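Visitor: Before anything else, here's the structure in question.
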Amino acid sequence: MTAPASSSRAGASAGAGQDSERNDHVGAVTSSELLSVVASRELAGKRTVFAGIGLPTLATSLANRTVAPRLEVVYESGVCGAHPSHLPETIADAVLITGAEAVLPMPTLFGSVLQGGHIDVGFLGAAQIDKWGNLNSSVIGDWHRPKVRLPGSGGAAEVMANSREVFVVMRRHDPRSLTAHLDFCTSPGPDRALADGIRPLGAGVTRVITELGILARAGVGEELRLIAVHPGVSVDDVRAKTGWDLLVDDEVSVTEQPSAEELSLLREEVDPERVYLR
Amino acid sequence: VKTAASTAADATVDKTMTMRDAVAEYVHDGDTVALEGFTHLIPTAAGHEIIRQGRRNLTLVRMTADIVADQMLAAGCLTTLVSSFVGNSSAGSLGELRRRVERASPEPLVFEEYSHYGMICRYLAGAQRLPFYPLRSYGGSQLPEVNSALRKVTSPYPGPDGESEDIYVVPPVNPDVAIIHAQRADRGGNTQIWGLTGVQAEAVYASRKAIVVVEEVAADEVIRSDPNRTLVPSHAVDAVVECPRGAHPSFAQGYYDRDNAFYRAWSDISKDEERLTEWLREWVYGTRDHAEYVEKLGAEFWEGLAVGEAMSLPVNYGRRL
């Protein structure tokens, strides 16, 4: 896979003057809206997605209405084929269960569905990511006496190990979040698994969508590289805000602005009360 | 040939108890206690009764250690936590848990960290009395560095390519007692759950004793009209406790909705030690039992969590003509 189909080619000084264009037809686009739209476009052609709540909910709901009408979202709680009457507030919201196509016990969900290889794309977030797509969601600081104790894996380690590929959405793009050295590795990508003598099933992280642009890698042995910058962001900005010496694709594109249609679907149908579009 | 099976119902052993008696009988100082319920049907009322009775030195086994775990920590019930997610859902942090882990304040906590499937496999191994359970997680993870129970073995069988294959395993967990919440059970403990069923059945079978807390005790013929809905049969259950709204602030599908406002409020309450102590004093120590807690919240509050009807269609189990 290369750059998303909806992106346009950019010159070296990508993005200057894009902000005014953005304001012309749709009003100011928020960071959440941009991240959701960009993530939804990446789901074109995908069938099964393992997603949490928040930006992944917006991205999958939008993709359902645009590039991936047959997309099935599988939730960690065991819900498959949800048809919620309202935007869910948690992965276990009662509105996900009523009217769903299936609700599975957790051993079936994690064992047969996820480890059984039925998930095309897993959506994950993390406090830290490194250039190989390894993730930390356990601690900031030393595990034994952390500066900040974070929630931990939940199902993230399994999503990473067993999904065909993983998309990561990072609201913050700074050298502490996109870091050279994780404080702790909670969810290892396939390169770390191989080094530990374990054969990985999936490609690990293939897309990292941040507030500044899109990073990509194809699989084992590849570092993340910058493939697109959002309007108004330069390649140098992204490199300066990344905690390692970031590889840059030969053909970096500029993310195409959210269309009027994408925005109206997001604002009027997917999240009219702006629960996640904050 | 017709049998006398219809008379068997009359022989149902009555295992119903009050929450106070069930906790007094089955939860002891130093026990390993599994409280399960994945966002749905969290046995909060049971956790509160454990706090009221002042249990100490417990090991809590719970996949998603959330508000009830934070409350039991703050009340001084727990010395060890075995979990795969230590957060307040997506609504923020657990203040007491973070103080215990980050500053060992007021005392250190032994925390055994897993991932969700690692916990599920521990229950599966425990329920099936297996020495370990293999899973395709943890390759390259740092969790084995901080949790020596995560170990790597070589499969006795060749992999798909004919080569030998290494895989991580987790040990069984066999809690002294499992406590789960459910929509309904009969007096004997045949327990029916609908909506999210989580890992409750495995947790019960892994444990030496099991308490089932239910929204309502149902007549035998209600349960037996739909046997596929029974997740835990009576032979695995030691006590049945009727405790309406006992899963608050989580929800019971078809009975009441999740109290999202309380989840959001908990981050602030738990951040401040004094506020947390005051909350426990007012809502747990200050109520005699869960019925009083429910009453204290008030009818208007419960109106706000009420749900409408979405009935399933009955199926035909058939009968011999």
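All of the numbers you see were taken from the coordinates with simple rules; none came from a lab. Predicted, not measured: the structure shown is a model, and the values here were computed from it. Cβ sites come from the backbone with ideal geometry, for glycine too, and all protein chains shown count toward neighbours.
Visitor: Using the 10 angstrom Cβ neighbour count as an exposure proxy, how do A:Met170, A:Met160, B:Met17, A:Met106 rank, fewest first?
Guide: B:Met17, A:Met170, A:Met106, A:Met160
Visitor: On to the next question. When the gyration tensor of region A:63-103 is built from Cα positions, what are the square roots of 5 times its three eigenvalues, in whole Å, from largest to smallest?
Guide: Each semi-axis is the square root of five times an eigenvalue, giving 17, 11, 9 Å.
Visitor: Please list the radius of gyration and Dmax for the protein assembly as shown, considering alpha-carbon atoms only, with Å as the unit.
Guide: Calculated on Cα positions, Rg and Dmax stand at 24.9, 87 Å.
Visitor: Ranked by Cβ crowding within 10 angstrom, fewest neighbours first, how are A:Thr255, B:Thr32 ordered?
Guide: Listed from fewest to most nearby Cβ atoms, that is B:Thr32, A:Thr255.
Visitor: With no solvent and one equal point scatterer per Cα, compute the Debye intensity ratio I(q)/I(0) for chain B at 0.07, 0.10, 0.13, 0.16 Å⁻¹ and report its log10, rounded to two decimals.
Guide: At q = 0.07, 0.10, 0.13, 0.16 Å⁻¹ the computed log10 ratios are -0.31, -0.61, -0.98, -1.36.
Visitor: What number, rounded to the nearest 500 deg cm²/dmol, is the helix-based mean residue ellipticity at 222 nm of the protein assembly as shown, given -39500 (n - 2.57) per DSSP H run of at least four residues and division by all its residues?
Guide: That calculation yields -7000 deg cm²/dmol at 222 nm.
Visitor: Quick one, can you get me the convex hull of the C-alpha atoms of region B:169-321 expressed as volume per residue in Å³?
Guide: Dividing the Cα hull volume of region B:169-321 by its residues yields 179 Å³.
Visitor: To the nearest 20 debye, what charge dipole does the protein assembly as shown have about its Cα centre, counting +1 at the Cβ of each Lys and Arg and -1 at the Cβ of each Asp and Glu?
Guide: Charge dipole, the protein assembly as shown, about its Cα centre: 960 debye, nearest 20.
Visitor: Express as a percent, rounded to the nearest 5, the fraction of DSSP beta bridges in chain B (both residues included) that run antiparallel.
Guide: 30 percent
Visitor: With a point put 7 Å past each Cα toward its Cβ, work out how far B:Ala104 is from A:Glu101 in nm, to one decimal.
Guide: Rounded to a tenth, the inter-label distance reads 5.2 nm.
Visitor: Let me ask something else. Which value, to two decimals, describes the C-alpha radius of gyration of chain A once divided by 2.2 N^0.38 Å?
Guide: Here the answer is 0.98, to two decimals.
Visitor: Counting only DSSP beta bridges with both residues in the protein assembly as shown, tell me the antiparallel percent, nearest 5.
Guide: Looking only at bridges with both residues in the protein assembly as shown, the antiparallel portion is about 40 percent.
Visitor: Now for a different question. Using a Cα-Cα cut-off of under 16 Å, which aspartates and glutamates could be cross-linked to B:Lys271, ignoring same-chain neighbours fewer than 8 residues away?
Guide: Filter leaves B:Asp66, B:Asp70, B:Glu96, B:Glu102.
Visitor: Additional query: Taking beta carbons within 10 Å but only from partner chains, what does the mean come to for residues A:155-165?
Guide: 5
Visitor: Within a Cβ distance under 9 Å of A:Asp183, other residues only, what is the Lys/Arg minus Asp/Glu net charge?
Guide: The answer is 0.
Visitor: Would you calculate the separation in nanometres between label points at B:Thr277 and B:Asp220, each defined as 7 Å from the Cα along the Cα-to-beta-carbon direction?
Guide: Going from the B:Thr277 label point to the B:Asp220 one covers 5.3 nm.
Visitor: Taking the DSSP beta bridges in region A:128-278 as the whole, what percent of them are antiparallel, to the nearest 5?
Guide: Here the antiparallel bridges make up roughly 60 percent for region A:128-278.
Visitor: Next up: For A:196-203, what's the mean count of beta carbons from other chains sitting within 10 Å of each residue's beta carbon?
Guide: 5
Visitor: Skipping prolines and chain starts, which residues have an amide H placed within reach, meaning under 5 Å, of the one on B:Gly188, given they are 5 or more residues away or on another chain?
Guide: B:Lys15
Visitor: OK, next. Between the alpha-carbon centers of region A:55-92 and region B:211-251, tell me the distance in whole angstrom.
Guide: 30 Å
Visitor: Tell me, what ³J(HN,Hα) does each residue in region B:49-65 have, in order and in whole Hz, if you take phi through Karplus 6.51 cos²θ - 1.76 cosθ + 1.60 with θ = phi - 60° and put x for Gly and Pro?
Guide: 5, 4, 5, 4, 7, x, 5, 10, 6, 7, 9, 9, 10, 7, 4, 9, 6
Visitor: Please report how far the C-alpha centroid of region B:125-190 lies from that of region A:232-253, rounded to the nearest whole angstrom.
Guide: Region B:125-190 and region A:232-253 have Cα centres spaced 42 Å from each other.
Visitor: Rounded to two decimals, what ratio of Rg to Rh does region A:61-190 give with C-alpha atoms and a Kirkwood Rh?
Guide: Expressed as Rg/Rh, it is 1.00.
Visitor: Within 10 Å, count the other beta carbons around each residue, average over each peptide in A:214-221, A:86-93, B:244-251, and list them highest first.
Guide: Output ranking for A:214-221, A:86-93, B:244-251: B:244-251, A:86-93, A:214-221.
Visitor: About the Cα centre of chain B, what is the dipole size in debye to 20, counting +1 per Lys and Arg Cβ and -1 per Asp and Glu Cβ, all else neutral?
Guide: The calculated dipole for chain B is roughly 620 debye.
Visitor: Quick one: the Cα spread of region B:122-258 along its three principal axes, in angstroms, biggest first?
Guide: Largest to smallest, the principal-axis extents are 56, 29, 28 Å.
Visitor: Please give me the summed charge of the neighbours of A:Thr48: other residues whose Cβ is under 15 Å from its Cβ, Lys and Arg +1, Asp and Glu -1.
Guide: That sum, taken over residues with Cβ under 15 Å, equals -3.
Visitor: Give me the inter-chain shielding for B:157-165: mean count of other chain Cβ atoms within 10 Å, whole number please.
Guide: Mean partner-chain Cβ count within 10 Å for B:157-165: 1.
Visitor: Post the alpha-carbon centroid distance, region A:118-141 to region A:143-157, in whole angstrom.
Guide: If we compute the Cα centre of each part, the gap is 12 Å.
Visitor: Sort the following peptides by mean Cβ neighbour count (other Cβ atoms within 10 Å, averaged over residues), highest first: B:85-91, A:79-85, B:60-66, B:105-111.
Guide: Averaged packing, sorted descending, gives the order B:60-66, B:85-91, A:79-85, B:105-111.
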